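Worksheet for the structure shown next.
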Amino acid sequence: MKAKLEFLSAMLIFGTIGLFRRMIPFPSSLIAATRGLIGTLFLLFFLTLTRQKLSFSTIRKNLIPLVLSGTLMGFNWILLFESYNYTSVAVSTVCYYMAPVFVILSAPVFFKEKLTLKKIICAAFAFAGILLVSGIFKTSFTGINEIKGVLFGLAAAVLYASVILINKKLTSIESFDRTILQLGTSAIVLFPYTMMTENLSSLTFDGNVMILLLITGIVHTGIAYALYFHSIKTLDTQSIAIYSYIDPMSAILFSALFLNEAMTAIEMIGMVLILGSAFLSEIQKKS
């Protein structure tokens, strides 16, 4: 029961990150870089507190895929945060959950896994769902901004799927070691990128913004990942697959409650198609 509560808590925390991004008036790249840095420091502190140590031998063995996946993770956050700027948190989150479908479609190429009829049907329904949530069928369709939001969300999903595929190649490495290196890499890569692409001198770092950044780094990254990895040690894969959908469902609920983001019937159908397809394909994969 404790492991389930920890996992559900992590999913609920992940589900609120869109709300906090909306309240931080900073470029997405700066938020992502800060999140990576604070999350890394928190997890290192957590390891010290629990008297655990990094395994530098396994880190060296997996260094190249760790650095690559960490870099992709950082840019994946930027794209997701940008998606929040152009469309609703609900639509962004659902587009992001196309990642499991992208993984399944890529598996035959990278892992020689058979693409079954069920997987093809799930992918087809997911893509149909994307068309519905994109807003092109709404009478109030506002055009390019909504499409931009959907495209940013899908691009984030592609990068996240790439991270998943790379992680499958990692060998004999603890979850905390992997995550700390990936988060640290994202911060190391994104801070120079942010300095080169953004004018930071015009930003105002007041108390409220600093608190929100700390919450995003400590709670949404450090604590959430600590809860996640601690809980999955004892949970079965089937439970993990099912409970993972608390994240997008809570994000949709929170966006409706706190951001007044109304969803049309067509969007709701699209969301059900995407999340249902991703869920069924996950169950297929875990069985």
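Derivation of every value follows stated rules applied to the coordinates shown; laboratory data play no part. Quick caveat, the model's predicted, so the values are computed rather than measured. Please note: Cβ atoms are built from the backbone with ideal geometry, for glycine as well, and neighbour counts cover all protein chains shown.
Using per-residue counts of other Cβ atoms within 10 Å, averaged over each peptide, order 26-38, 190-202 from highest down.
26-38, 190-202
Using the Cα centre of the chain as the reference point, and only Cβ charges (+1 on K/R, -1 on D/E), how large is the resulting charge dipole? Debye, rounded to the nearest 20.
920 debye
Which value, in debye to the nearest 20, gives the size of the charge dipole of region 1-137 about its Cα centre, when Lys and Arg are +1 and Asp and Glu are -1 at the Cβ?
So the dipole magnitude of region 1-137 works out to roughly 500 debye.
With the contact rule set at Cα under 8 Å and sequence spacing of 6 or more, what percent relative contact order holds for region 77-226?
Averaging sequence separation for qualifying contacts and normalising by length gives 32 percent for region 77-226.
Within the chain, which DSSP H helices have Cα atoms that stretch 18 Å or more along the helix axis and a mean Kyte-Doolittle hydropathy of at least 0.0?
Result, helices passing both filters: 2-15, 28-49, 63-86, 117-133, 144-167, 175-197, 265-286.
Over the chain, what is the relative contact order in percent, taking alpha-carbon pairs closer than 8 angstrom and at least six residues apart?
43 percent
Which one of SER172, PHE20, ALA187 has its Cα pushed farthest toward the positive end of the charge dipole of region 2-286, where Lys and Arg give +1 and Asp and Glu give -1 at the Cβ?
SER172
What order, most packed first, do the peptides 60-66, 146-152 have when packing is the mean number of other Cβ atoms within 10 Å of each residue?
The packing order, highest mean first, is 146-152, 60-66.
Between LEU200 and LYS148, what is the FRET efficiency for a Förster distance of 22 Å, r being their Cβ-Cβ separation, to the nearest 0.05?
Computed FRET efficiency for LEU200 and LYS148: 0.40.
For a paramagnetic label modelled at 7 Å from the Cα of SER9 toward its Cβ, which residues of region 44-71 fall within the zone defined by backbone nitrogen distances under 15 Å?
Hits in region 44-71 for SER9 at 15 Å: 46.
Hey, how many Å between the Cα centroid of region 1-62 and the Cα centroid of region 88-105?
Answer, in whole Å: 20.
Nearest 500 deg cm²/dmol is fine: what mean residue ellipticity at 222 nm does the chain get from its DSSP H runs of n ≥ 4 alone, each adding -39,500 (n - 2.57), divided by its residue count?
Estimated from H runs of four or more residues: -24500 deg cm²/dmol.
Could you list THR221, THR204, THR87 in order of exposure, starting from the residue whose Cβ has the fewest other Cβ atoms within 10 Å?
By the 10 Å Cβ count, ascending, the order reads THR204, THR87, THR221.
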